[in-house]
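Step one of this worksheet: look at the structure below.
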Amino acid sequence: MEFFMKKLLATITATALLTTILTVKANESDAMVEMIVSMMKKSGEIRDLSTCLGITEEKFINAYTDTIKLCFPKDALQGDCMDEMVPEIFGLPQSKFEACTSDDSEYAQAESDIDLSTLSDDERNALLDQQRTEAMANMEEMAAFMKKASEGTEGKITLPVYSPSSLTSHYINGMESSSGNKTLPVATFTTTDSVDEVIEFYKKSLPNFEIGNSGEIYYMMEKLPGNLSQLSHDLENLPLYFVPHIETYSLKMSGEETTLIVISYEPS
């Protein structure tokens with residue numbers, strides 16, 4: 001189960017923050033802004049930054065939202081637009097903003113780790129339960145955002161899509177490996193049908209594809225590599241995602257058995 005969760009994180013949530021700008025179209029940035037602001041609120045970052053900047057949380061949120069909406073179409077938040085717009089939109093000197101967001105700012109420091117050894121068993125278990133609950137909530141929020149941002153993009157997928165299934169994320173411009181290389185486009189779907197039913201569909205739809213497995217994860221591609229198991233465990237370099245393929249496996253989501261389908265495809 002731990003490995004399956006890592007696979008899910010890798011394809012849906014772990015890369016979500018890094019690839020958000022690749023999957024969201026410029027005119028659909030509202031969903032991205034909503035997610036970022038929500039997560040900043042939960043982490044207390046908005047409270048800390050607004051305090052440091054000497055403005056209200058409401059003013060910070062409004063200014064931050066305006067900055068993202070203005071800069072996203074210009075440079076996808078990867079250029080200098082946000083830095084350049086801070087004085088105008090926030091009404092503050094850029095030096096003040098940089099001081100509050102720099103790594104050595106007391107407001108930018110992460111909270112110190114709690115020494116679990118000082119807690120009773122009940123306190124430690126309660127804290128761990130709380131952390132797990134918060135982590136799952138963040139995962140669900142990211143997954144909901146990715147699904148919303150991916151709506152209407154199914155037509156770009158050049159390999160057969162299993163039906164019935166629901167699109168949960170779509171990395172139209174690929175995912176980024178640890179080496180900085182972009183993979184092929186990747187889409188993920190969920191269905192309540194079994195893995196066996198999904199495999200049977202692709203046997204008929206893609207008769208020239210070979211089928212193999214690594215543990216309980218099944219892969220379908222034109223030529224299966226001899227080191228499939230090794231490649232499938234490399235979640236940093238993502239080697240399989242540079243090759244058109246289908247993978248499917250079963251896992252529990254929200255307490256229900258679900259089949260996940262991942263499609264890596266050549267763009268048209």
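The values are calculated or read from the model by the stated rules, or taken from the named source; none is laboratory data. Computed from a prediction, not measured in an experiment: that's the story for all the values here. Ideal geometry is used to build each Cβ from the backbone, glycine not excepted, and the neighbour counts take in all protein chains shown.
Numerical summary
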item	result
Hits in the range 210-226 (condition: over 18 Å from Thr259 (Cα atoms), touching a residue at least 12 places away in the same chain (Cβ under 8 Å) and either assigned to a loop (DSSP other than H, G, I, E, B) or outside the structural domain of Leu260 (by TED's automatic domain parsing) (or both))	Glu222, Lys223, Leu224
Filter result for Glu257 (among the acidic types (Asp, Glu), assigned to a strand (DSSP E or B), at pLDDT below 90 and surrounded by fewer than 17 Cβ atoms within 10 Å (Cβ to Cβ))	yes
Selection count, the range 35-63, where residues are closer than 15 Å to Gly91 by Cβ, small (Gly, Ala, Ser) and surrounded by 14 or more Cβ atoms within 10 Å (Cβ to Cβ)	2
Filtered residue count, the range 204-243, keeping only those that are in contact with a strand residue (DSSP E or B) (Cβ under 7 Å, 6 or more places away or on another chain) and basic (Lys, Arg)	1
The lone exception for Glu247 - which of (1) assigned to a strand (DSSP E or B); (2) surrounded by fewer than 16 Cβ atoms within 10 Å (Cβ to Cβ); (3) of a type in the set (Asp, Glu) it fails	(2)
Some residue of the range 34-43 being more than 30 Å from Thr133 (Cα to Cα), modelled with pLDDT under 75 and not hydrophobic (A, V, I, L, M, F, W, C)	no
Residues within the range 189-209 that are loosely packed, with under 13 Cβ neighbours inside 10 Å and either in a strand (DSSP E or B) or in contact (Cβ under 8 Å) with a residue 24 or more places away in the chain (or both), tallied	1
Filter pass, Gly174 being surrounded by 13 or more Cβ atoms within 10 Å (Cβ to Cβ) and on the phi > 0 side of the Ramachandran plot	yes
Scope the range 170-188; condition outside any loop (DSSP other than H, G, I, E, B), over 17 Å from Leu251 (Cα atoms) and not hydrophobic (A, V, I, L, M, F, W, C); matching residues	His170, Tyr171, Glu176, Lys182
